[in-house]
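Below is one structure, written out as structure tokens, with a few remarks after it.
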Amino acid sequence: MALKATIIPVTPYQQNCSVLWCDETMKGAVVDPGGDLDTIMGEAENNGVTIEKIFITHGHLDHAGGTADLKDRLGVPIEGPHIDDTYWIDRLPQDCADSGFPESRAFVPERWLVNEDQVTVGNLTLDVYHCPGHTPGHVVFHEPEADVAFVGDVLFQGSIGRTDFPRGNHEDLLNAIRTRLWPLGNDVTFVPGHGPTSTFGHERATNPYVGDQI
């Protein structure tokens, strides 16, 4: 049994939506369906994956804008983010309209997540870490066997998430990265919300915002 995943840039913001699955059961989840749902489902079908859940890292439009429509299409539960992102989820219709994104609807997940929760897909179990700062309810999903984390907009190769949006907090973000992500180990490969993958070890050595040299 192993985690498999494919990364699909979606929306004009080129947000890294991921389809992850258990290669034993071929049951999978979509992480952050911001839009372009036909493309996302095409990737799942091409890999023979049956989507059984939707995982949301946070409520910004490019990560969550297509969530309600995907749930309608598939009839599967939404898990995440933390309830503190209700503010952003409720804003989705207006934010998408203001940004020229396709029409979007707010949603209520079947399960809000808290720090140290776990989610399952197929026979896989992923650990959940609440990492506020970019948004107050942002969560990260980590699959320990593959040592892969889906971190949304908390951390990027060479950068960190913006904290100048409403309810952002720079110190909270730095604290979350240092106290909840770094302890998972330098070998963790992470999929950021935008741009290329990296490892926690590489970012600790080189990241100008949250590296160990700061």
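Any read-out appearing in this document is the output of simple, stated calculations on the displayed coordinates, not a laboratory observation. Remember, it's a predicted structure, so these values are computed and weren't measured experimentally. Note that each Cβ is placed from the backbone with ideal geometry, even for glycine, and that neighbours are counted across all protein chains shown.
Which ³J(HN,Hα) values in Hz, rounded to whole numbers, follow from the phi angles of segment 82-97 under the Karplus curve 6.51 cos²θ - 1.76 cosθ + 1.60, where θ = phi - 60° and Gly and Pro get x?
6, 4, 5, 8, 3, 3, 6, 5, 5, 7, 3, x, 6, 4, 5, 5
Assuming a ≥ b ≥ c are the square roots of the Cα gyration tensor eigenvalues, decide whether the chain counts as rounded (a/c under 1.5), prolate (otherwise, with a/b larger than b/c) or oblate.
Oblate, since a/c reaches 1.5 and b/c is not below a/b.
In segment 131-214, what GluC sites (Glu not before Pro) fall in a loop by DSSP, with at most 15 other Cβ atoms inside 10 Å?
Answer in residue order: Glu145.
To the nearest 500 deg cm²/dmol, what mean residue ellipticity at 222 nm is calculated for the chain from DSSP H runs of n ≥ 4 alone, each contributing -39,500 (n - 2.57), summed and divided by the residues?
Dividing the helical sum by the residues of the chain leaves -5500 deg cm²/dmol.
Using unit Cβ charges (K, R positive; D, E negative) and no other charged atoms, how large, in debye to the nearest 20, is the dipole of segment 91-214 about its Cα centre?
Charge dipole, segment 91-214, about its Cα centre: 240 debye, nearest 20.
Measuring from centroid to centroid over Cα atoms, what is the spacing of segment 29-101 and segment 127-154 in Å?
16
Can you put Met1, Met41, Met26 in order, fewest other beta carbons within 10 Å first?
So the ranking, lowest neighbour count to highest, is Met1, Met26, Met41.
Could you work out how far apart the two model spin labels at Arg111 and Ala97 are, taking each label as a point 7 Å from the Cα in the direction of the beta carbon, and quote it in nm?
3.4
If each of Asp90 and Glu145 carries a label point 7 Å out from its Cα toward its Cβ, how far apart are those two points in nm?
4.0
Below 13 Å, Cα to Cα, which aspartates and glutamates can Lys4 reach? Residues fewer than 8 away in the same chain don't count.
Straight-line reach from Lys4, under 13 Å: Asp23, Glu24, Glu43, Glu143, Glu145, Asp147.
How much FRET efficiency would the formula 1/(1 + (r/R0)^6) give for Thr197 and Glu171, where r is the Cβ-Cβ distance and R0 is 35 Å, rounded to 0.05?
The computed FRET efficiency comes out at 0.85.
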